[in-house]
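A short worksheet on the structure shown next.
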Amino acid sequence: MNEIESEARVESEAQVGPVISNIHTDTFCESCGYNLHTQAVVRDERLGLLVCRCPECGRWAAAGLGTSASRVWLNRFGTLLLIGWVLVLLVVFGLGTLFMGMLPYGYLMSFTRWQQFEVPAPGMPGQHMIIYRYTLQDVPPADSQAASDQRTGRTIFMCVATALAAVVGGLHSVFLWHARGRWRVFAFAMPLLACLGTWVIWNADRETVDLRQWAVPRIALFFLLELLGLSLGLLAGRPIVRGILRVLLPPKPRQHLAFLWTVDKKRLPI
Ligand SMILES: [Zn+2]
């Protein structure tokens, strides 16, 4: 908010009260027909009435019916819905992070086989013990069907990881549209967390001891792929969703989702 805007707000709050709520339903300005949905509701100190100002023409309108401030149970229901929504977001982004970590793990596993070895038992001369280790599979001849299948499988892992990250980035740009500037950095925490998790779990496994160094550049590759996908999703998410909504929704209900346009300083197509 710039200085002029904040001064204007201070001035308008001095005349009427502080913002109490927002218009929660479609309410149209009597003067110009602008939809006041989401506009701030204030209490007029002199009259004690809830009012809302049209941002388009400046006319004041009674707002007692368009807000839930005066309806306790509606307010509580709204709070409950908000908590539910936060939980949905946590599950969506939590699962996204989990799968972004499972894909590089699966990729690493596709190179390995599980082998048993007989080694001298420590402290017991002449005795042997069996240990299990992951080792690299033998590389099939380059022109064989097996080599081609392996390449296809590994390419699929990489493509799915990139695509998943793009979807997560797109969901982030739509659901967390209010995250701007440095708050957007949290989006990149997801692939970071996922790949760090893969690295920690891979290293914690005793049976991968011979492949720890080998795994590092491969996990890093997935981290880069997921960063790329996530960035694409963040950039393209809202434009794609706007396009879909334009096709699926007529203009009036689309106004409920006006934030998807206004956040990018676009006018809602009417
Ligand atoms: Zn108006």
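Which pairs have Cβ atoms under 8 Å, sit 6 or more apart or on different chains, and link a residue in segment 19-36 that is under 21 Å from G48 (Cα atoms) to one that is surrounded by fewer than 17 Cβ atoms within 10 Å (Cβ to Cβ) and of a type in the set (A, V, I, L, M)?
T27/L65
Of all residues in segment 28-61 being surrounded by 15 or more Cβ atoms within 10 Å (Cβ to Cβ) and of a type in the set (G, A, S), which is nearest to L268 (Cα to Cα)?
Residue satisfying both the conditions and the ranking: A40.
Which ones in segment 247-270 are surrounded by 14 or more Cβ atoms within 10 Å (Cβ to Cβ), over 14 Å from H37 (Cα atoms) and not aliphatic (A, V, I, L, M)?
Within segment 247-270, W261 is the sole residue that qualifies.
Could you say which residue among A215, A204, A236, A220 is surrounded by fewer than 12 Cβ atoms within 10 Å (Cβ to Cβ) and among the aliphatic types (A, V, I, L, M)?
Values: A215 fails: surrounded by fewer than 12 Cβ atoms within 10 Å (Cβ to Cβ); A236 fails: surrounded by fewer than 12 Cβ atoms within 10 Å (Cβ to Cβ); A220 fails: surrounded by fewer than 12 Cβ atoms within 10 Å (Cβ to Cβ).
Being surrounded by fewer than 12 Cβ atoms within 10 Å (Cβ to Cβ) and among the aliphatic types (A, V, I, L, M) holds for just one of A215, A204, A236, A220, which is A204.
Does segment 132-173 hold any residues that are part of a strand (DSSP E or B) and either in contact with an Asp or Glu (Cβ under 7 Å, 6 or more places away or on another chain) or free of Cβ contacts under 8 Å to residues at least 60 places away in the same chain (or both), and which are they? Working first, answer last.
Of the residues in segment 132-173, the ones part of a strand (DSSP E or B) are 132-136.
Of everything in segment 132-173, those that are part of a strand (DSSP E or B) and either in contact with an Asp or Glu (Cβ under 7 Å, 6 or more places away or on another chain) or free of Cβ contacts under 8 Å to residues at least 60 places away in the same chain (or both) turn out to be Y132, R133, Y134, T135.
Determine which member of the set F223, F175 is closer than 21 Å to V86 by Cβ and either basic (K, R) or assigned by TED's automatic domain parsing to the domain that holds M100 (or both).
On the way: F223 fails: closer than 21 Å to V86 by Cβ.
So the residue among F223, F175 that is closer than 21 Å to V86 by Cβ and either basic (K, R) or assigned by TED's automatic domain parsing to the domain that holds M100 (or both) is F175.
Could you grab me the full set of residues in segment 129-176 that are loosely packed, with under 11 Cβ neighbours inside 10 Å and of a type in the set (D, E)?
D138, D143
In the list V88, V72, V92, which residue meets the criterion of being away from the ligand (no atom under 16 Å from the Cβ), of a type in the set (A, V, I, L, M, F, W, C) and at pLDDT below 90?
Values: V88 fails: at pLDDT below 90; V92 fails: at pLDDT below 90.
V72 is the lone residue from the list that is away from the ligand (no atom under 16 Å from the Cβ), of a type in the set (A, V, I, L, M, F, W, C) and at pLDDT below 90.
Scan segment 28-49 for residues that are within 13 Å of the ligand (Cβ to nearest atom) and β-branched (V, I, T) and report the count.
0
Failed condition for W214, given (1) out of contact with any helix residue (DSSP H, G or I) (no Cβ under 9 Å at 6 or more places or on another chain); (2) farther than 26 Å from L90 by Cβ; (3) at pLDDT 90 or above, with all others met?
Answer for W214: the failing condition is (1).
Could you check L230 against (1) assigned to a helix (DSSP H, G or I); (2) loosely packed, with under 15 Cβ neighbours inside 10 Å and say which number it fails?
(2)
Does I219 satisfy being touching a residue at least 40 places away in the same chain (Cβ under 8 Å), out of contact with any Phe, Trp or Tyr (no Cβ under 6 Å at 6 or more places or on another chain) and part of a helix (DSSP H, G or I)?
On the way: touching a residue at least 40 places away in the same chain (Cβ under 8 Å): yes; out of contact with any Phe, Trp or Tyr (no Cβ under 6 Å at 6 or more places or on another chain): no; part of a helix (DSSP H, G or I): yes.
No.
For M100, only one of the following conditions fails: (1) touching a helix residue (DSSP H, G or I) at 6+ places or on another chain (Cβ under 7 Å); (2) in a loop (DSSP other than H, G, I, E, B). What is its number?
Result: M100 passes all but (2).
The values are calculated or read from the model by the stated rules, or taken from the named source; none is laboratory data. The shown structure was predicted, so the numbers you read here are calculated from the model rather than taken from an experiment. Heads up, the Cβs are rebuilt from the backbone with ideal geometry, glycines too, and the neighbour counts pull from every protein chain shown.
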